[in-house]
1. Using protein chains only and a probe of 1.4 angstrom, how many square angstrom of R130 are accessible, to the nearest 10?
2. Give the peptides 158-165, 131-138 in descending order of average Cβ contacts within 10 Å, highest first.
3. What list of ³J(HN,Hα) values in whole Hz, one per residue of region 190-197 in order, does the Karplus curve 6.51 cos²θ - 1.76 cosθ + 1.60 (θ = phi - 60°) give from phi, with Gly and Pro shown as x?
4. Could you go through region 202-214 in sequence order and give the Karplus-derived ³J(HN,Hα) for each residue, using 6.51 cos²θ - 1.76 cosθ + 1.60 with θ = phi - 60°, rounded to whole Hz, and x for Gly and Pro?
5. List the residues, sorted by chain then number, that are 5 or more residues from T105 or on another chain and whose placed amide H is less than 5 Å from its amide H.
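The values are calculated or read from the model by the stated rules, or taken from the named source; none is laboratory data. Here the structure is a predicted model, which is why all the values come from computation and not from measurement. As a convention, Cβ positions derive from the backbone with ideal geometry for all residues, glycine included, and neighbour counts pool all protein chains shown. With ligands, DNA and RNA removed, areas are computed over all heavy atoms of the protein, side chains included. Shrake-Rupley method; radii C 1.70, N 1.55, O 1.52, S 1.80 Å.
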Amino acid sequence: MPSSVQVVPVRWKTKALPASLLEFTRPTAHPAVLRTILQQAPVKARQLLAERVTSARDRVRTKVRAQELLDRAIVISHDAGDSDVADALKLAIMEAVGSDAPVYTSSELEGIRTGRDGYERVLGLLKKSRMTLAIVTPRSSDNPWPWWAAGVAAGLGKPVFVLRASGVSADTGLPVPPAHAIDLAQHDDLVRLLHAIQGEMRRRPKDPAEIDLEDVLRSCAMQHSR
C-alpha cells in the first residue's frame, strides 16, 4: 500500500522559529553567531543569511572604529558658553593635523556626562584620550569641569595645555609648565600649540604658520566683549 505524504504548510512565525534562527530577528546579534548559523543553513538560504552577517559585521566595525577614535582623541574641555571658541579651535586643529583628526569638544561629549555614571564616563574618556586642552575664560571661572579635566589628565600623565582667552589676566597662576600655557589671543601662541599637537599626533600636513587663525582670534575677542 503506497504511503501517503501529508504536506504541512510552513508558517513563518517568529515564536515558532528554532532558537538559533531567532538570532536573525535581533539587530544586535554578533557576527560570529550569525556566521555559525550561516554555515549550518540550507544552501538556498545562504544568500539571505550572508546579507545579515555583512550588516552585523559593519555595525560592529563602526562601533569599534568609534571607540578607537576616542582612545586617541584630543579633548577640548570648556564651559558651555565658550563653545564658539572651542569650535573655532577644533577647526584650526583639524586643518593642522588632518580633517579626520579625532578632536572632541565638551559640547560634543555632553551626552556622556549625563546620568548617574557621568563622572565615570568622563574619567574613562580622559584615561583613553591622547591630549587635553582646557579653555579658561572669565565665564568658566566658576565652572569646575575644565579645571577638573585638566587635573585628571595631568595626573594620568597625558599632555595638558591650558588655553587662556581674553579677559583672563596673564598673572593668573596656571597649573601647567610655561610652555603649556597658551594665550588664545596671540597668534604666535596658537601656532606653538598647533606645532605641539602635530608632534603628539605625528601628523604635519600643513605648517601651522600658514593656517588662517583669524576665527580663533575673533572668537576670543568676542568672548572678551560680552
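1. 60
2. Numbers: 158-165: 22.9, 131-138: 24.5.
Sorting 158-165, 131-138 by mean packing, highest first, produces 131-138, 158-165.
3. 5, 4, 5, 4, 5, 4, 5, 5
4. Result, ordered by residue: 6, 9, 8, x, 8, 5, x, 5, 9, 8, 6, 9, 4 Hz.
5. Those lying under 5 Å, H to H, from T105 are I76.
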